[in-house]
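What follows draws every value from the coordinates through simple rules; no lab data is involved. Quick caveat: nothing in here was measured; it's all calculated off a predicted structure. Cβ atoms come from the backbone with ideal geometry, glycine included; neighbour counts cover every protein chain shown.
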There are 2 protein chains.
Amino acid sequence: MSPQASTSIRGPPTRFAVALYPGFQALDVFGPLDILNMLSKIRPLSLQVLSATLDPVLTQTSSSGHSTGQSVVPTRTYADSVDDTEVLLVPGGFGSRDPANVAPVVEYVRAAYPRLRYLLTVCTGSAVVATSGVLDGRRATSNKIAWEWATAQGPRVNWVRQARWVTDGNIWTSSGVSAGIDMMYAFVADQYGEDIAQTLADRAEYIRNTDPDFDPFAEKAENRAAK
Amino acid sequence: MSPQASTSIRGPPTRFAVALYPGFQALDVFGPLDILNMLSKIRPLSLQVLSATLDPVLTQTSSSGHSTGQSVVPTRTYADSVDDTEVLLVPGGFGSRDPANVAPVVEYVRAAYPRLRYLLTVCTGSAVVATSGVLDGRRATSNKIAWEWATAQGPRVNWVRQARWVTDGNIWTSSGVSAGIDMMYAFVADQYGEDIAQTLADRAEYIRNTDPDFDPFAEKAENRAAK
């Protein structure tokens, strides 16, 4: 049974989780999550924040040496015996560059993917997920400025450069940072209906990009690299 | 000396703070803050998260009854003896509707405003700030769906309905939720230069709205109210 067919029988997913690690990009997480925060006011949802431990997770890695950044409190660990997550969101961020830093996420994604209904990534979150192997043979996209590094993490992935977001089966991957917002509105439209997605976008006074192929940043990054 | 004149002498502000309260809207905070997170990688910045106590602050109020939402850890209290904040950002959110809930923010804004170089608000954050009186006689905007309530919080404010954001002296106010992102890019452009603002937007793969008067949501909300 395909995920699409299962949706019509089981209804849209209601149990979402985001996979944090030190040095995650804040907007990768809160762009999509705040859409779900608003959706949760009209549909009951569970939104879990996962991490290796229950300690607050900083948007920067300790090695960055800045005194800035924000800390978010997890609600569950990756090892929690309860894992009823239907939709997992994996963000990107500078912390994704360190294999040891994201090892708990990679391990969790590898173990949890068979139980998930959908796996979503933002920015270099697709590089993290690619490391787990679950993107092998799939079409996927990533951040355009980190493109060379990100795509090298998944040599058997069919990387799509020109894309705001890409869907392949039950995996949705988006381009850099703010692309996750457009992807999540598209996901909500797909699962809950276009009317609900547009109502939430209007409440957030957000002008959606509804075309997954629209991506001026693919070319911009190329021009920058050529200089 | 006007804030504009002082900027040219003192350089752009480097000490930012966001004023949290239970039930703040996540994107109101992390849309603008993540721009500053990126700016902090090329310019040293201090980004403080303020709250009444150092306990984590939830995006929902306890009365909402949902088990969803995200918690953010403050770095300073409103009563902290150190307050070197140059730019204060006040977000909106459902928690802004309860006067007791936002009383510590209102009191802090009233006391801190004379020391600030800039005061920025997102969404119904302008209603919170209006309550403190510092918007009296100023032009300001707010969320379009919450317009009637928000504007009633500041009867002596010159409310501007059709606006993505409004500047009046050293106060910048933006419309609903995602408008805070466009306002912060405009603020960074104004303070740090257009090149830096556009570089950060490209890194976030974000298409800016650079016209403060562009606001399709003013009309949309009117049409909805008329139905």
Have a look at B:THR210, B:THR59, B:THR173 and tell me which one the Gaussian network model of chain B (Cα, springs below 10 Å) gives the largest fluctuation.
-> B:THR210
Simple spin-label model, 7 Å along Cα-to-Cβ: A:ASP195 to B:ALA79 in nm?
-> 5.0 nm
Within 10 Å of each residue's Cβ, count the other Cβ atoms and sort A:GLU219, B:GLU107 from fewest upward.
-> A:GLU219, B:GLU107
At a Förster distance of 45 Å, what's the computed FRET efficiency of A:TRP149 paired with B:THR53, Cβ-Cβ distance as r, to 0.05?
-> 0.65
A:ARG138: net charge of surrounding residues, Cβ under 13 Å, Lys/Arg +1, Asp/Glu -1, itself excluded?
-> 0
Applying 1/(1 + (r/R0)^6) with R0 = 45 Å to the Cβ-Cβ distance of A:ILE9 and A:ASP98, what FRET efficiency is obtained, to the nearest 0.05?
-> 0.60
Net lengthening on full extension, B:GLU222/B:ALA111 (0.36 nm per residue, minus Cα-Cα) = 36.4 nm
Each residue of B:180-186 has, on average, a number of other protein chain C-beta atoms within 10 Å of its C-beta equal to 1
Which distances, in nm and shortest first, link the A:ASP190 label point to the same label point in every other copy, taking 7 Å along Cα→Cβ?
-> 4.0
Mean-position separation - Cα centroids, segment A:162-205 and segment A:16-93, in angstrom = 18 Å
For B:PHE214, which sequence-distant residues (separation of 5 or more, or a different chain) have an amide H within less than 5 Å of its own amide H, given hydrogens modelled in the peptide plane?
-> B:ARG164
Quick one: compute the contact order of chain A, relative version, from alpha carbon pairs under 8 angstrom and 6+ residues apart, as a percent.
-> 19 percent
Roughly what would the spin-label model give for A:ASN158 and B:ARG161, points 7 Å off Cα along C-beta, in nm?
-> 5.1 nm
J(HN,Hα) series, segment B:200-213, from Karplus relation 6.51 cos²θ - 1.76 cosθ + 1.60, nearest Hz, glycine and proline x | 5, 5, 5, 5, 8, 6, 10, 8, 6, 9, 9, 9, x, 8
In this model, which of A:LYS220/B:LYS41; A:LYS144/B:LYS220; B:LYS41/B:LYS144; A:LYS220/B:LYS220 are farther than 24 Å apart at the alpha-carbon?
-> A:LYS144/B:LYS220; B:LYS41/B:LYS144; A:LYS220/B:LYS220
According to the square roots a ≥ b ≥ c of the eigenvalues of the Cα gyration tensor, what is the shape class of segment A:88-129, taking rounded for a/c under 1.5, prolate for a/b larger than b/c otherwise, and oblate for the remainder?
-> oblate
Which whole-number percentage describes the relative contact order of segment A:168-227, with Cα contacts under 8 Å and a sequence gap of 6 or more?
-> 23 percent
What residues have an amide H closer than 5 Å to that of B:THR61, excluding those fewer than 5 places away on the same chain, when H is modeled at 1.01 Å from N in the peptide plane?
-> B:GLY23
Evaluate the distance, in nm, between pseudo-label points positioned 7 Å from the Cα of B:ARG43 and of A:ASP213 along their respective Cα→Cβ axes.
-> 4.0 nm
So for segment A:125-227, using the alpha carbon gyration tensor with a ≥ b ≥ c as root eigenvalues (a/c under 1.5 gives rounded; past that, a/b versus b/c decides prolate or oblate), I'd call it oblate
Rounded, prolate or oblate: pick one for chain B, where a ≥ b ≥ c are the square roots of the eigenvalues of its C-alpha gyration tensor, a/c under 1.5 means rounded, and failing that, prolate if a/b is larger than b/c, else oblate.
-> rounded
So in the protein assembly as shown, what percent of DSSP beta bridges are antiparallel if you round to the nearest 5?
-> 30 percent
Residues of B:202-215, mean number of Cβ from any other protein chain within 10 Å of their own Cβ, rounded to a whole number?
-> 5
Pull up all non-local amide H partners of A:LEU89: gap of 5 or more, or a different chain, and H-to-H distance under 5 Å with H placed in the peptide plane.
-> A:ALA17, A:VAL18, A:ALA19, A:LEU120
Between B:ASN223 and the same site in the other copies, what are the distances in nm, shortest first, taking label points 7 Å from Cα along the C-beta direction?
-> 3.3
Write down the percent of antiparallel bridges among all DSSP beta bridges whose residues are both part of chain A, to the nearest 5.
-> 25 percent
Residues with beta-carbon under 12 Å from that of B:ASP84, excluding B:ASP84: net charge, scoring Lys, Arg +1 and Asp, Glu -1?
-> +1
Would you mind calculating the relative contact order of segment B:128-201 from Cα pairs under 8 angstrom and at least 6 residues apart, reporting the percent as a whole number?
-> 25 percent
